[in-house]
Amino acid sequence: MPSSWNLSSGGCAAVVSSNKNLARDGRSFLFVRGSVSQILSGLMVGGLYRVSFFSSHLSISSSTQSNKEGFVQVDDKKHVFLIYTKAYRGDGGQSTAREEISWHKHTFYFVAREGSVVFELGSVDDRTGIYVDNIVVDHVERDQNNGTSGLHVQAHVVYLHEWGSVHGSWSFIEDVSSITEYLWAIGYTKGGTQLQNFQSVGLSNFAYNSMVTLIHNSYIYITTVAKNSAGFEGISYSDKILVDLTSPIIEEVLDGDFIGEDLDSWKENTVYVNWKVTDDESGLDYCEWAIGYQPKGIEVQGFERINIDSRRTYKDFDASVLQGKTVYSTLQCQNKAGLISSLSSDGVTIYDQPPSMASAVIRTLPLSLTEYPALDYYQSVTNNLKIVWSGVEDKIGVQQYKLSVSSNQYNLNGEGLTFPDAQEILFTNIRNVELGQGQINVTLQAINKLLERSLPLHYNLTVESGNPIKDASKELSMTWRGSDKEFDVSWDGIFSSQHPLRFEVSAGTAQGGSDIVQWQETLSTRVTFRLPDSITSMSRLKVYMIVRAIAAGGGYTDITGIIILPA
């Protein structure tokens, strides 16, 4: 708490700050339970002063009172004020439209009897406390013109959460006799009493009425009568007051340099914003602009006044503040009735780097002409290519992929491909082409929405549609070890290929059968297997073998053999 403030005995006070737009003025506000006070010095004796500030209920859920009272005291005059009926009470904090803090404006007046006075502000109850912000003390110049000029009486309307009040203040100059009483009334005409009959407020220079029913877009007047000790009366009127119960309409807040432009990203370390805001009743008083890393955030820039009519503005920042981050512009506008609206943009990501391929993976689906799948990096299909990739990273999103494919018979140079932003695994199918045999080179590049191009990601595969070559002069080597009931089979040197081979072995007691071994896969050129216990008669048993060599692309060649067990 600032050193200029003094805390009451047993009270509690703290300065509350937030990275979101919660304060009524600046970045922080004051929580007070009990009261705080300070000495106002340098006052003009006999001068009229206006005290204005904003108050709010606490934002914590345990603060359940619908109405709260605070007080302001200057010297020996104490005024108790009511904080508006709490909005959204009873909703359990679930309303998506609720404001975390809603500020209520208060205005009071006092006449300085000495050059310095004690100013005190606090909460009436000592259990929960209140928030206060933007406390201002102004000297009011008294007008000495004719009482009917309309300049003696000032008035304004406060409206918040369907709760309204009319506030008036006045300053009559005492001529010969002293003023003994003020009376005030509210109506739709000068001197009118349609909303409030004349009521005495003693010698107070201000009054307010929170029990009136306000009609939107109507005009009201405050009439004040001053009586002096000689029995004479003076009368004065306020200017007409427009009752505006609606806050400014902020139709849009857009991230972009031109009016109506809304961008999702750009490279420059500059924040651009454009907007459309109207107030057809009382008109706009001012608008402020803040920038943060979240909607209604103020981490990058607190609220600063802007030229409303320009409808666009910008500000440069250091790269460390913006690069790689998403920022949101928030516009806050107040109309001449004192009502405020705010709206944030949907955010813009500022980024000058190309997409990253560090975690990207690309591959082809192993297309085969047979029932056997091709190995990774191979296929036997020559007229179709299916490519899958994932893991490309970019903060602002990839706009397009450029795909290139080249072989000895086919060339695809930088074909542009687009996909939905939410799609994680990306796929393309190149059909009805003639790829030929041999190596195929695939190159992939990502281009983000700012046309930054990534490093190329390469992938090579081989088209092999042929079958393994079999040496017809060689046969299977099949050996029976009766003591162990095991077979040793070898086909070393029978099959050959320029690319990796894998093998499938089956054995059975009938030609083409597999009741001993079924489709056993191996990368070796030999295998050992045992005669199953289900076969009990081994004398002169014929065992038929088939070894299938499978090429990398899925093509295959077979060799068969037979062994007859001894009697």
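The values are calculated or read from the model by the stated rules, or taken from the named source; none is laboratory data. Keep in mind the model is a prediction, meaning the values are calculated, not measured. Reconstructed Cβ throughout: ideal geometry from the backbone, glycine too, with neighbour counts over all protein chains shown. For the accessible areas, the whole protein counts, side chains as well, though only heavy atoms, and no ligand, DNA or RNA atoms are used. Shrake-Rupley method; radii C 1.70, N 1.55, O 1.52, S 1.80 Å.
Tell me which chymotrypsin sites (Phe, Trp or Tyr not before Pro) from region 161-266 have a DSSP coil assignment and no more than 16 other beta carbons within 10 Å of their own. Present the calculation step by step, with values, prior to reporting the outcome.
Numbers: sites: W163, W170, F172, Y182, W184, Y188, F198, F206, Y208, Y219, Y221, F232, Y237, F258, W266; in loops: F172, Y188, F232, F258.
Here the chymotrypsin sites (Phe, Trp or Tyr not before Pro) that fit, given the DSSP loop and packing criteria, are Y188, F232, F258.
Rg/Rh for region 193-303 (Cα atoms only, Rh after Kirkwood) is 1.23. Region 520-567 and region 244-261 have Cα centres lying 80 Å from one another.
Report, in deg cm²/dmol and to the nearest 500, the calculated mean residue ellipticity at 222 nm for the chain, where each DSSP H run with n ≥ 4 adds -39500 (n - 2.57) and the sum is divided by the residue count. About 0 deg cm²/dmol.
Loop-located GluC sites (Glu not before Pro) in region 460-567 (DSSP state other than H, G, I, E, B) with a sparse environment of at most 13 neighbouring Cβ atoms within 10 Å: E475.
The distance linking region 390-413 with region 164-238 is 78 Å (Cα centroid to Cα centroid, whole angstrom).
Once you keep just the Cα pairs under 8 angstrom separated by 6 or more residues, what percentage relative contact order results for the chain? Before the final figure, lay out the partial values.
Working: 1433 pairs, mean separation 47.9, N = 567.
That works out to 8 percent.
Across the options M478, A374, W5, the greatest Cα extent toward the positive end of the charge dipole of the chain (unit charges at beta carbon of Lys, Arg, Asp, Glu) belongs to M478.
Can you list the GluC sites (Glu not before Pro) in region 234-338 that are in a DSSP coil and have 15 or fewer other beta carbons within 10 angstrom? In loop regions of region 234-338 (DSSP not H, G, I, E or B), the sparsely surrounded GluC sites (Glu not before Pro) are E261, E268. Considering only the Cα atoms of region 412-506, their convex hull presents on average a projected area of 11.9 nm².
Between E424 and N383, what FRET efficiency follows from the Cβ-Cβ distance if R0 is 25 Å, with the result rounded to 0.05?
Values: r = 29 Å, r/R0 = 1.15.
E between E424 and N383, to the nearest 0.05, is 0.30.
Identify, among V51, P354, G391, the residue whose Cα sits farthest towards the positive end of the charge dipole of the chain, taking +1 on the Cβ of Lys and Arg and -1 on the Cβ of Asp and Glu, with the dipole about the Cα centre. Most positive-ward Cα: G391. Using the Stokes-Einstein relation with a Kirkwood hydrodynamic radius computed over Cα pairs, the translational diffusion coefficient of the chain at 25 °C and a viscosity of 0.890 mPa s comes to 76 µm²/s.
When the accessible area of region 416-554 is split by element with a 1.4 Å probe, what percent falls to carbon and sulfur? Let's see the in-between values first.
On the way: 3510 of 7690 Å².
Result for region 416-554: 46 percent of the exposed heavy-atom area is carbon or sulfur.
Accessible area per residue for region 413-567, computed on protein heavy atoms with a 1.4 Å probe, is 55 Å².
I want the local charge near I535. Using Cβ-Cβ distances under 14 Å, sum +1 for each Lys or Arg and -1 for each Asp or Glu among the other residues. The partial results should precede the final answer.
Values: positive: K485, R530, R540, K542; negative: E486, D515, D533.
Local net charge: +1.
Considering only protein heavy atoms and a probe of 1.4 Å, how much of the accessible area of region 259-388 is carbon and sulfur, as a whole percent? Let's see the in-between values first.
Values: 2590 of 5830 Å².
Ligands and nucleic acids excluded, carbon and sulfur reach 44 percent.
Give me the Å³ per residue figure for the convex hull around the C-alpha atoms of region 249-390. Before the final figure, lay out the partial values.
Working: hull volume 24.0 nm³, N = 142.
Here the figure is 169 Å³ per residue.
Report the charge-dipole magnitude of the chain in Debye, nearest 20, computed about the Cα centre from +1 at each Lys and Arg Cβ and -1 at each Asp and Glu Cβ.
Numbers: 44 positive and 63 negative charges, 224 e Å.
Roughly 1080 debye, rounded to the nearest 20.
Farthest towards the positive end of the charge dipole of the chain, among the residues I430, S28, Q154, is the Cα of I430, using unit charges on the Cβ of Lys, Arg, Asp and Glu. Of K105/K190; K105/K240; K267/K402; K20/K395; K20/K315, which sit over 29 Å apart, Cα to Cα? Pairs exceeding the cut-off: none. Think of it this way: in the chain, C12 stand alone, with no other Cys Cβ under 4.7 Å.
Excluding ligands, DNA and RNA, the accessible surface per residue across region 194-259 is 51 Å² with a 1.4 Å probe. The modelled label-to-label distance for the pair R305/L417, using points 7 Å beyond Cα in the direction of Cβ, is 5.6 nm.
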